[in-house]
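Remarks on the structure that follows.
The values are calculated or read from the model by the stated rules, or taken from the named source; none is laboratory data. Owing to the predicted nature of the structure, the values given are computational and were not obtained by experimental measurement. Cβ coordinates were reconstructed from backbone atoms using ideal geometry, including for glycine residues, and neighbour counts include every protein chain displayed.
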Amino acid sequence: MDTVLHKSLHFGAVNDDQLAYLRHSIRTIPDYPKPGIQFRDITTLLRDRRAFDITINALSDSWRDQKIDKVAGIEARGFILGGAVAHQLKCGFIPIRKRGKLPHETVRVAYSLEYGVDEMEMHKDAIEQGERVLLLDDLVATGGTATAAGQLLHSAGADVVSASFVIDLPELGGAARLRSAGIPVQALLTF
Ligand code: AMP
């Protein structure tokens with residue numbers, strides 16, 4: 001179901017035409033990766049220079065006049081968005097990765113998936129105490145992934161100023177879950 005734009009959030013520089021353009025740039029694949037899932041494929045947004053530009057500006061704009069020390073991106077689509085936003089905000093980027101991918105000492109957290117659990121890691125020395133960090137991923141569904149990433153950042157002493165997404169699936173409750181973990185949430189679109 002195509003639902004209303006996320007008006008309640010503060011993306012000052014993005015207008016309704018731009019949000020409509022973004023919405024139409026996202027491809028929906030029914031029943032992927034399994035029956036009943038509507039997969040929101042952002043590769044069609046990323047390959048479209050106008051859609052990519054709107055996205056990165058919108059995700060960056062509300063933070064331009066604030067001190068952000070680092071952007072943390074969740075593997076793998078959060079790397080593409082997070083790297084571009086970090087460059088816009090002139091701050092550093094931290095990758096949050098699946099277990100076993102990072103070469104130096106890490107902090108690790110387990111989180112639940114629909115079936116079973118997975119683990120993600122961040123370098124132990126990625127953040128200094130009290131740094132203001134913006135967390136980025138493409139989409140929040142149940143919020144399990146982003147909440148775990150938030151735990152990693154908090155455990156390293158970060159002040160997580162926001163978890164920001166292109167897409168929120170509000171029926172799955174992820175944004176509410178993040179907020180109740182003390183992490184403000186922004187999303188450009190809801191589906
Ligand atoms: P969750 O932990 O349930 O919030 O799931 C979020 C992660 O799974 C994100 O990294 C998304 O990229 C991916 N994801 C979950 N549901 C979808 C969906 N319907 N379409 C595209 N990606 C999804």
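Condition check ((1) modelled with pLDDT of 95 or more; (2) under 14 Å from the mean Cα position of the chain (by Cα); (3) away from the ligand (no atom under 14 Å from the Cβ); (4) of a type in the set (A, V, I, L, M)) across all residues:
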site	(1), (2), (3), (4)
F39	yes, no, no, no
I42	yes, yes, no, yes
R50	yes, no, yes, no
G73	yes, yes, no, no
I80	yes, yes, no, yes
A84	yes, yes, yes, yes
Q88	yes, no, yes, no
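Tell me, which strands (runs of 3 or more DSSP E) wholly within the range 82-145 include 3 or more residues that are touching a residue at least 60 places away in the same chain (Cβ under 8 Å)?
In the range 82-145, 132-140 are the strands (runs of 3 or more DSSP E) which contain 3 or more residues that are touching a residue at least 60 places away in the same chain (Cβ under 8 Å).
Pull out all pairs, ordered by first then second residue, where Cβ-Cβ is under 7 Å, the residues are six or more apart or on different chains, the first lies in the range 25-39 and is touching a residue at least 24 places away in the same chain (Cβ under 8 Å), and the second is more than 10 Å from the ligand (Cβ to nearest atom).
Close Cβ pairs (under 7 Å, with a partner that is more than 10 Å from the ligand (Cβ to nearest atom)) amount to S25/T44; S25/L45; S25/D48; S25/A51; I26/T44; I26/L45; Q38/P30.
Kindly provide the set of residues from the range 65-81 that are of a type in the set (A, V, I, L, M, F, W, C), under 19 Å from A141 (Cβ atoms) and either in contact with a Pro (Cβ under 7 Å, 6 or more places away or on another chain) or part of a strand (DSSP E or B) (or both), ordered by number.
Within the range 65-81, A72, I74, F79 meet the criteria.
One line per residue, one yes/no per condition, for (1) in contact with a Leu (Cβ under 7 Å, 6 or more places away or on another chain); (2) more than 8 Å from the ligand (Cβ to nearest atom); (3) not aliphatic (A, V, I, L, M):
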{"site": "R132", "(1), (2), (3)": "no, yes, yes"}
{"site": "L135", "(1), (2), (3)": "yes, yes, no"}
{"site": "D138", "(1), (2), (3)": "yes, no, yes"}
{"site": "T142", "(1), (2), (3)": "yes, no, yes"}
{"site": "G150", "(1), (2), (3)": "yes, yes, yes"}
{"site": "L153", "(1), (2), (3)": "yes, yes, no"}
{"site": "G157", "(1), (2), (3)": "no, yes, yes"}
{"site": "A163", "(1), (2), (3)": "yes, yes, no"}
{"site": "I167", "(1), (2), (3)": "yes, no, no"}
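What do you reckon, is L135 at pLDDT 95 or above and out of contact with any helix residue (DSSP H, G or I) (no Cβ under 7 Å at 6 or more places or on another chain)?
Taking the combined requirement at face value, the residue does not satisfy it.
Which number in (1) more than 17 Å from L139 (Cα to Cα); (2) at pLDDT 95 or above marks the one condition that A13 misses?
Failing condition for A13: (2).
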